[in-house]
Structures are given as C-alpha cells and as structure tokens.
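This report refers to the structure that appears directly beneath it.
Only the coordinates and a few stated rules stand behind these numbers; no lab work does. Keep in mind it's a predicted model, so treat the numbers as computed, not measured. Using ideal geometry, Cβ is built from the backbone for each residue, glycine included, and neighbour counts are taken over all protein chains shown.
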Amino acid sequence: MLDLTFIREHPDLIKEVAQQRNTAVDVDALLAIDADLRETRRRAEDLRAEQNRLSKAIQGAGADREARDGFIASGREVAAALKELEPRERELEAQLREYLLLVPNIPDASVPVGKGEEDNVEIKRVGQPRQFSFEPLDHVALMQGADMLDIERGVKVAGSRSYILKGDAVLLELALMQFALSRITQHGFTALSVPAMAKEFCFIGNSQFPRGREQTYALPEDELFLVGTAEVSITGMHSGEILREADLPIRYVAWSPCFRREAGTYGKDTKGIMRVHQFEKIEQYVICRAEHEESVRWHEELLRNAEELVQALELPYRVINICTGDLGDAKVKGYDIECWIPSEQRYRETHSDSYFHDYQARRANLRYRGDDGVVRYVHTLNNTALASVRTIIAIVENHQQADGTVRVPEALRPFLGGRERLGRAWR
RNA sequence: GGAGGGAUGGCAGAGUGGUCGAAUGCGACGGUCUUGAAAAUCGUAGACCGAAAGGUCCGGGGGUUCGAAUCCCUCUCCCUCCGCCA
C-alpha cells in the first residue's frame, strides 16, 4: 500500500507504474472516492464537534430545566443528522481501502522495464553446467529408478501436482531444511517455525490478497487459508505493532510447508515435480528501519546468503533482475536465483529475493518508534533460503552418477549422517 | 464439543452513563545529585485523520442514549473446568 497523500500528489506516476507492472487500478475512481470521503468526514466531524459542545452545555445547564431541554432537543437533531452521514462515511472508507489495496508499489530505478519473464535481465552466472560422460536422466526417471519418488500414487492421494517422496529423497529433503537453517542462523537470523494456516489479514498485509486470492487454498469453515510461504505468517505475526528502533533489524529464518494452487498453470511443467501444490521451504525475512539504503543493503545480503547455500550445494546458477512486468504489485525490486536443470537445459527459479520498502508494512500496519520518537512504517524484505522440491530436482539432476545414484555435496553430508551417495546403483 | 470468567496505555491495574485519553504502580525518556552508576528527587511522554480548528481510538463490529471504557447484541481472542486427542 502506498501513502494516500503520495497517491493524491502523483496520480500520473501511479498510472504509469500500473501499466509497467501489468496491473490495473482506477486511480481516478480512487481519487473521486477520496475527495468524497474527505468532504463527508469533514461534515461528520463538524457534527461531532457540535455534539460535544451540546453535551457539555447539557451538563452545564444544571437545574435550568428549560435550557437543558433545549440543548437535548438540539442534540437529538445533531444525532439524527450524524446517523445519516455515518453509514456513508463507513462505506466510502471501505471502498477507498479496496482501491488502495490495488495500487502497486513504485519500482526502483534499477528495475528493468519490461513486459514479462522474457525481459528479465541476467546479472550474473556462477558455476558451469556439468558435462556428462553418460546420458543424464531427468529427475523423474532418476528418482523413480532409485525408488525416491512416486508421482502416480501421490496423484492418487491428492490429485495432480502431488507427489510422494520416498526413501533417500525424504532424508534429502530434511537434510536440506536443516542445512539451510543451520547456515542462516549462523548469520544471526532467529529460527522460526510458523503456522502454515493464517487468517485473511496476514495475506492482505503481505499483499497475496486481494489479487492472487485464487492462488491460495481456503479453509472456509475456519476462515483460514494455507500459506504459500512463511512470509505470510511472519508479516502477520508483527502486524499492528509498534517496534522499537533498538529492536531493529529483526532477522528471521522460518521453516514452513508451502501450499500453492497453481491456478491457471495447466499445461505448464506437467512432467515431474517442478511445479507442485505443496513443498517445504526455509525463508529469510528482515524487518529494518525505513531507509532505502538499508533495504538495499539487506536485499543484497539476503542474496549473498542464498548464493552461499547454492554454491555450497555445488549447483550452477544465475541471478536475474526481474523486470517491471514480472514483478507483481508489491516489490520495489526483486532478484531470482535460477539453478541449472540439466534435463531442461535451462535455468529455473529456485529463490526469490525481494524488498518492499514500507508497502507491506503499511498494509500490515507494522511500525517502529525511531530513536527520535517519530513513528514510521518499517521496511520488510524476504528471500528464499532453500525450497525443498526444486532444490531436490537440481541436486539429483546435477549430481547424478552413471550408476543411477546421486553424489551428496560435501556441505550436505553432515546432515545425512556422512553419506556420500543417495539412492542405490540401478543402471 | 459443553460450562463459566475475562479483554483498559510498553507492562500491571483502577474506573459501572457526563467533569475520563483515562487514577495508581512499574518500566521508558529528560533534568538535578554523583568521578561514573545506583538510590533519591523533579519533570516528560500513546496512536490515527487534519494546514489548523477540531475529530476519532478503552479487543473488532453493531445498537440504546442528547451523551458510552461504563448498558444491550454479536464476533474474535485469552483463561479455568469437563469431554476428546498427537
């Protein structure tokens, strides 16, 4: 959410940004509602002031019966007038908020302007895709061969895009989670295990709602939704608070399952488990002071942390700067880390590193009191540390051996009881 | 799932229709004292809208009333007991 005053003063900028970001918001309608609300509110406040004056007059009238009755009669009229105005005021407030939630954030000047995924800009490449001395398998053939994956029965249980990890794949998944938690906490981040179900306000605060609502699983009986990332729960957990500047920055690394409906992706990534409805993720999250430079500094640091993990897993990857059209509504700027997937001969997104300035904080009403006593909205950032399924794919495909086993990268071995190979030789 | 009790400022906790944005204590901040600190002592301090005047906020929403922290309805959350349960 942006500051309403800023929107009033820069309607044309908002329109331009909305277009660049492939999103729609009726700025003129928003401003019309705003003007109407301000006028309505002014009238209501005048009436309330009058009401307060009369209330004091009634008390001051004491035994003067006649004066008292006169004031009460006037009070009755004012109350009646207010009663007409107040529903209108509430209605306008609700309408304005609906529009405000649709206004996108202003991208940073360093974000490339573009229409979609194809306009994202690669900013670095690390590691060389491996030259195989044998015909490498895709993750499905490889994992099924090693009895690490059962897609058919996963689909039987939970429908398309579901899967069952088996055997060493389960150990690998847990090892990856522990590996990421262990590394990131060493950087001073506090580990969290957060609710995977959350109330609507968390999703609004985080900007998953109202747009993107159809990507989220709902539990209507309980008015809860399944989170697509721990980010939702973390934004919710501090919402409405006023933190102290001395407590900042707050750095979390959170473990949670992630649920995604993947509505509208029929036909995309139909083979294998590249795109699934449920996976596990370790997420980095930072709440810091409201300074652009500090946001940028953390954005880069979160990227470094994630890169460190990917490098330790010996995966070739690249980093891209996401263009305006692919950025969504909320981010000021975003990097993706994409790992090399041999079977696809291309890089695929495994991490997403974002900063928001106060956009999420405003929606979640998350503020801090500066050392100067001024209350401001915090800045928020987050980046994947490690997401289970896609990283599993990258590891098994990149580290597969001619015999059908998977070499365990050195850094991961302590989390797998020292094992050097996963799966069993089968080809 | 059933029965009961609660929700007030950073925290604890008064306040049952007007003089209450709200006593008091603790904590916080600033001053005095001190080499420094503690103690003592004096003082300051909530959030939101508004250029201001002014208005709003005592868990959320609705209602009664000229007037609600206080009365009524409703929702949420917390606590206690019972049931169920990893």
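In the stretch A:117-422, what percentage of the DSSP-assigned beta bridges are antiparallel, given to the nearest 5? Let's see the in-between values first.
Working: 52 of 59 bridges.
Just about 90 percent of them are antiparallel.
Strictly greater than 13 Å: what percent of every Cα pair in the stretch A:31-84 meets that? If you can, show how the numbers build up before the last one.
Working: 875 of 1431 pairs.
Cα-Cα pairs in the stretch A:31-84 separated by more than 13 Å: 61 percent.
So, how do all the Cα-to-Cα distances of the stretch A:117-422 break down into 10 Å bins, in percent, from 0 on up?
So the P(r) values, bin by bin, are 6, 26, 35, 23, 8, 2, 0.
Against the longest principal axis of chain A, how steep is helix A:65-100, in degrees 0 to 90 to the nearest 10, with axes from Cα atoms?
Computed tilt is about 20 degrees.
Mind checking the alpha-carbon convex hull of the stretch A:1-51 and giving the volume per residue in Å³? If you can, show how the numbers build up before the last one.
Values: hull volume 4.0 nm³, N = 51.
Measuring per residue, one finds 77 Å³ for the Cα hull of the stretch A:1-51.
So what are the ³J(HN,Hα) numbers for the stretch A:351-360, from phi and the Karplus equation (6.51, -1.76, 1.60; θ = phi - 60°), rounded to whole Hz, Gly and Pro as x?
Working through the residues one at a time gives 9, 9, 10, 9, 10, 10, 6, 9, 4, 6 Hz.
Across the stretch A:161-167, in residue order, what do the Karplus-derived ³J(HN,Hα) couplings come to in whole Hz, using 6.51 cos²θ - 1.76 cosθ + 1.60 with θ = phi - 60° and x for Gly and Pro?
Coupling constants for the stretch A:161-167: 6, 10, 7, 10, 7, 10, x Hz.
Per residue of the stretch A:267-276, in order, report the coupling 6.51 cos²θ - 1.76 cosθ + 1.60 (Karplus, θ = phi - 60°) as ³J(HN,Hα) in whole Hz, putting x for Gly and Pro.
Running phi through 6.51 cos²θ - 1.76 cosθ + 1.60 with θ = phi - 60° gives x, 8, 6, 7, 8, x, 10, 5, 10, 10 Hz.
For A:CYS323, enumerate residues with amide H under 5 Å from its amide H, sequence gap 5+ or separate chain, H modeled in the peptide plane.
A:ASN120, A:VAL121
Per q in 0.14, 0.23 Å⁻¹, report the Debye log10 I(q)/I(0) for the stretch A:102-141, using one uniform scatterer on each alpha carbon and no solvent.
-0.65, -0.94
Kirkwood hydrodynamic radius (Cα pairs, Å) of the stretch A:134-230?
On the way: mean 1/r = 0.0604 Å⁻¹.
Kirkwood radius, the stretch A:134-230: 16.5 Å.
For a 18 Å ceiling on Cα separation, which of these pairs sit above it: A:LYS281/A:LYS331; A:LYS124/A:LYS333; A:LYS115/A:LYS331; A:LYS115/A:LYS333? Intermediate values should be presented prior to the final figure.
Details: A:LYS281/A:LYS331 20 Å; A:LYS124/A:LYS333 16 Å; A:LYS115/A:LYS331 16 Å; A:LYS115/A:LYS333 15 Å.
Among A:LYS281/A:LYS331; A:LYS124/A:LYS333; A:LYS115/A:LYS331; A:LYS115/A:LYS333, the Cα-Cα distance tops 18 Å for A:LYS281/A:LYS331.
In degrees, nearest 10, range 0 to 90: what is the angle between the Cα axis of helix A:168-186 and the longest Cα principal axis of chain A?
60 degrees
Before anything else, pin down the relative contact order of chain A: Cα pairs under 8 Å, at least 6 apart, normalised by residue count, whole percent.
Values: 831 pairs, mean separation 86.9, N = 427.
Relative contact order, chain A: 20 percent.
State the Cα centre-to-centre distance between the stretch A:76-90 and the stretch A:362-401 in whole Å.
Cα centroid of the stretch A:76-90 versus Cα centroid of the stretch A:362-401: 46 Å apart.
Provide the FRET efficiency to the nearest 0.05 for the A:TYR217-A:LEU174 pair, computing r from the beta carbons and using R0 = 30 Å.
Details: r = 24 Å, r/R0 = 0.79.
FRET efficiency, A:TYR217 to A:LEU174: 0.80.
Sequence-distant or interchain residues sharing an amide H contact under 5 Å with A:THR405, placed H: which?
Correct list: A:TRP426.
Please compute the Kirkwood hydrodynamic radius over the stretch A:332-426, one decimal place, Å, based on all pairs of different Cα atoms.
Numbers: mean 1/r = 0.0603 Å⁻¹.
The Cα-based Kirkwood calculation yields 16.6 Å.
Taking a quarter of the surface of the convex hull around the Cα atoms of the stretch A:4-100, what do you get in nm²? Write down the numbers at each step before the final one.
Working: hull surface 28.1 nm².
Mean orientational projected area (the stretch A:4-100, Cα hull): 7.0 nm².
So how tilted is helix A:11-20 from the main axis of chain A? Cα-based, degrees 0 to 90, rounded to 10.
Helix A:11-20 sits roughly 20 degrees off the main axis of chain A.
State the Cα centre-to-centre distance between the stretch A:125-197 and the stretch A:38-63 in whole Å.
65 Å
When each pair of different Cα atoms in the stretch A:259-383 is counted once in the 1/r mean, what is the Kirkwood radius in angstroms, to one decimal?
Working: mean 1/r = 0.0611 Å⁻¹.
Hydrodynamic radius (Kirkwood, Cα pairs) of the stretch A:259-383 is 16.4 Å.
How fast does the stretch A:54-196 diffuse by Stokes-Einstein, in µm²/s, taking the Kirkwood radius from C-alpha pairs at 20 °C and 1.002 mPa s? Mind showing how you got there, number by number?
Details: Rh = 24.5 Å.
This corresponds to a translational diffusion coefficient of 87 µm²/s.
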